[in-house]
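To keep things clear, I will list the structure first and then write my remarks on it.
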Amino acid sequence: MMRYLFLICLAAGASQASAQVAPRDSAPPTALTIDQAIELARRNNPELQQIQNNRIGARAAVRSAYGALLPSADASLSAQRQQGGQQIFSGTSLGASSDVNQSSYQIGLNYRINSATLITPSLQRANRDAVEADITGATSNLRSNVSQQYLSTLQAEATADLQDSLVVASQAELVLAQAREIVGSGTQLDVSRAEVALGLQRVQALKARNQVEIEKLRLFQQMGTPQPANVKLVSQFPVTPIQLNLEELIASARNQNPVVVALRSREHVADLNVRREKGEYSPTLSLSTGIGGYTYGYTNSSFPVTQAQAQFDASRASCIRTEEVRAALNLSNQLSQCNAMAFTEAEAAAIRSGNSKFPFNFTRSPRSFSATLSLPLFDGFAREQRLQEAMASRSDARYSVRSRELALTADVTAAYLTVTTAEKTVVLQEQNAAKAKQELKLVQDRYKIGATTFVDLTQARATYERAESERINSVYDYHKAFAALESAVGHPLR
């Protein structure tokens, strides 16, 4: 009878364990591979997008540098209205009793060139290439960060699965302790210990699942997108023996590592900047030409007619006086011609027509052309300061390249050694986990028949938990080390 009750309790424990591992969410999961995660990060990560925006300014700088090799053109159009009245200038009264309208236009071409202008396009092209290298480096760093976080999330999920399995094992141990108490081969103390162990294990499982969600949030933060519901990471990463040569990896890293490539591009930019600053010592040729026109007219169209008629009358009166004197002296004269002079309506109409050119009936101004060759002599050492700063920047760029190359050798070597060590560690931890699992099963079997105590069972389960946790950590430490090696080299290795 007691054996029958014992079997019933075991069946109940198995049923309870099955219920524990039932799916938490009935909604279909959203699968996410590591390649999809990296691609989404490239398109959405805000920090990478900010760096990519530098490409716009770099391309515009290249266009501007080439545009400096072309003449600059400008056009102006002006209009002015001046109130009529008298003005005194040097004791002379000037002005008119009518308001005056004036307008003018000017179209000019200017060209300026020196050796610095000729170097600038090459400088801006190099700067554009350096910006592209920066973008490549930022993309590579983002790929490494997303890969590391993806692996951390998988590691957290594996740990959570382990904790869930230990919850099931603790439930089975509780049922077993209760069954032993029923048949009289166990004590209430064993049951209490099993209940405490189950409660503690549920806490660990709860924390592990919470850590999974936190790691997913960090992953999608790196990707720059909102996290969908019930997402599942599906990429698998087998542990395979590496077939890589350290010397080849170092040589490849020196040629392809995005950070080194970007620093070399900056060094080239700094070198061209020195050449451009030296070009400021060369002569500068400036050329300019242009066309223009103007209009001038009175708002009262009768005013210029009245002025012209007054001038004509004064000229006619002067002519008559002069010729009358000659006639009185019996000299030859043109008195009849002076008397015949008259201001005609056609002349008045012509004056009114000439006064009505405002605002767009321009009178063309004479064309002009100028050429200037200037040689800078002294500008308060500002030019020398810029040159010295450019040379210092070039030296800094060279030192940065050298420093990074030295660090790269150390980084690649360290990452390679870490990967090889991690590979060996995985093998050892898998052996430890297998042995711990065998020991746990043996102790469980012995506990069922009453050949050992619950304390031994608890210790065996704790040993298995540590061994399995170390195995999981060693597997993902290997993959993280491999990802770090890929990041140091600058390109994928598998």
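What FRET efficiency comes out for the pair Leu206/Glu405, r = Cβ-Cβ distance, R0 = 41 Å, nearest 0.05? Here the calculated transfer efficiency is 0.25. Exposure check, 1.4 Å probe, all protein chains in place: Asp190 carries approximately 20 Å² of accessible surface. Taking the charge dipole of the chain about its Cα centre, with +1 at Lys and Arg Cβ atoms and -1 at Asp and Glu Cβ atoms, the residue from Ala194, Ser103, Ala208 reaching farthest to the positive side is Ser103. Hey, got the dipole for the chain? About the Cα centre, +1 on K and R Cβ, -1 on D and E Cβ, debye to the nearest 20? With only Lys, Arg, Asp and Glu charged at Cβ, the dipole is about 520 debye. Cα centroids of region 42-76 and region 295-357: how far apart, whole angstrom? Each part's Cα centre sits 66 Å from the other's. Each of Lys232 and Arg81 was given a label point 7 Å from its Cα along the Cα-to-Cβ line. The distance between the two points is 8.1 nm. Within the shell defined by Cβ-Cβ distances under 14 Å, the residues around Arg276 carry a net charge of +2, with Lys and Arg each +1 and Asp and Glu each -1. Of the peptides 458-464, 41-47, the ranking by mean beta-carbon count within 10 Å, highest at the top, reads 458-464, 41-47.
Return the carbon/sulfur percentage of the accessible area of region 252-341, one whole number, probe 1.4 Å, all protein chains in place. Display every interim value, and only then the final one.
Values: 2560 of 5050 Å².
The nonpolar share, carbon plus sulfur, comes to 51 percent.
Its Cα centre serving as origin, region 273-400 has a Cβ charge dipole (Lys and Arg +1, Asp and Glu -1) of approximately 500 debye. Dipole magnitude for region 314-375: computed about the Cα centre from +1 point charges on Lys and Arg Cβ and -1 point charges on Asp and Glu Cβ, it is near 300 debye.
Using the Cα centre of region 304-432 as origin and beta-carbon charges of +1 (Lys, Arg) and -1 (Asp, Glu), tell me which of Pro359, Thr372, Thr306 is placed farthest towards the positive end of the dipole. The one lying farthest along the dipole's positive direction is Thr306. For Asp164, Asp134, the ranking by accessible surface with the largest value first comes to Asp134, Asp164, using a 1.4 Å probe. The residue list Val231, Gln149, Gly290 was ranked by how far each Cα lies along the charge dipole of the chain toward its positive end, using unit charges on Cβ atoms, and Gly290 comes out on top.
Would you tally the net charge around Arg193, using a Cβ to Cβ cut-off of less than 13 Å, leaving Arg193 out, and scoring K and R as +1, D and E as -1? It would help to have the intermediate numbers written out before the result.
Working: positive: Arg180, Arg461; negative: Glu173, Glu181, Asp190, Glu195, Asp456.
The answer is -3.
The residues of the chain have, on average, 58 Å² of accessible surface per residue, using a 1.4 Å probe with all protein chains present. Under 1.5 on a/c is rounded, so check that first for region 241-392, then, if it is not, pick prolate when a/b is larger than b/c and oblate when it is not; a ≥ b ≥ c are the square roots of the alpha carbon gyration tensor eigenvalues. Prolate. Among Leu377, Leu493, Leu189, the sequence by solvent-accessible area, most first, with a 1.4 Å probe is Leu377, Leu189, Leu493. Annotation: Tyr66 carries an accessible surface of approximately 100 Å², with a 1.4 Å probe and no ligand, DNA or RNA atoms counted. Listed by chain and number, the aspartates and glutamates placed with their C-alpha closer than 17 angstrom to that of Lys207 are Glu157, Asp161, Asp164, Glu215, Glu465; residues fewer than eight positions away on the same chain are left out.
What is the gain in length, in nm to one decimal, between Lys437 and Ser365 on full extension, counting 0.36 nm per residue of separation less the C-alpha to C-alpha distance?
Value of the extension gain: 15.7 nm.
Under 13 Å from a label point 7 Å along Cα→Cβ of Thr453: give me every residue in region 160-188 with its amide N that close. Inside the label zone: 187. Peptides 259-267, 243-251, 114-122 ranked from most to least packed give 259-267, 114-122, 243-251, packing being the mean of other C-beta atoms within 10 angstrom over each peptide's residues.
Kindly report, to the nearest 10 Å², the accessible surface of Ser356 as traced by a 1.4 Å probe over protein heavy atoms only. Near enough 80 Å² of accessible area. Note on P(r) over Cα pairs in 10 Å bins from 0, in percent: of the candidates (1) 4, 21, 32, 29, 13, 1, 0; (2) 3, 11, 13, 12, 10, 9, 8, 7, 6, 5, 5, 4, 3, 2, 1, 1, 0, 0; (3) 4, 17, 25, 23, 15, 9, 5, 2, 0, the value calculated from this structure sits at (2). Charge tally around His479: other residues with Cβ under 11 Å, Lys/Arg +1 each, Asp/Glu -1 each, net -1.
Rounded to the nearest 10 degrees, the angle from helix 345-355 to the longest Cα principal axis of the chain is 30 degrees. Ignoring ligands, DNA and RNA, what percent of the 1.4 Å accessible area of region 355-494 is carbon and sulfur? Roughly 55 percent of what the probe reaches on region 355-494 is carbon or sulfur.
Work out how much length Val239 to Ser286 would gain on full extension: take 0.36 nm times their residue separation and subtract the Cα-Cα distance, in nm to one decimal.
Extra length available between Val239 and Ser286 comes to 10.0 nm.
The values are calculated or read from the model by the stated rules, or taken from the named source; none is laboratory data. Just so it is clear, the structure is predicted and the values come from calculations on it, not from any experiment. Neighbour counts run over all protein chains shown; Cβ positions are idealised from the backbone, glycine included. Only protein heavy atoms, including side chains, enter the accessible area calculation; ligands, DNA and RNA are left aside. Shrake-Rupley method; radii C 1.70, N 1.55, O 1.52, S 1.80 Å.
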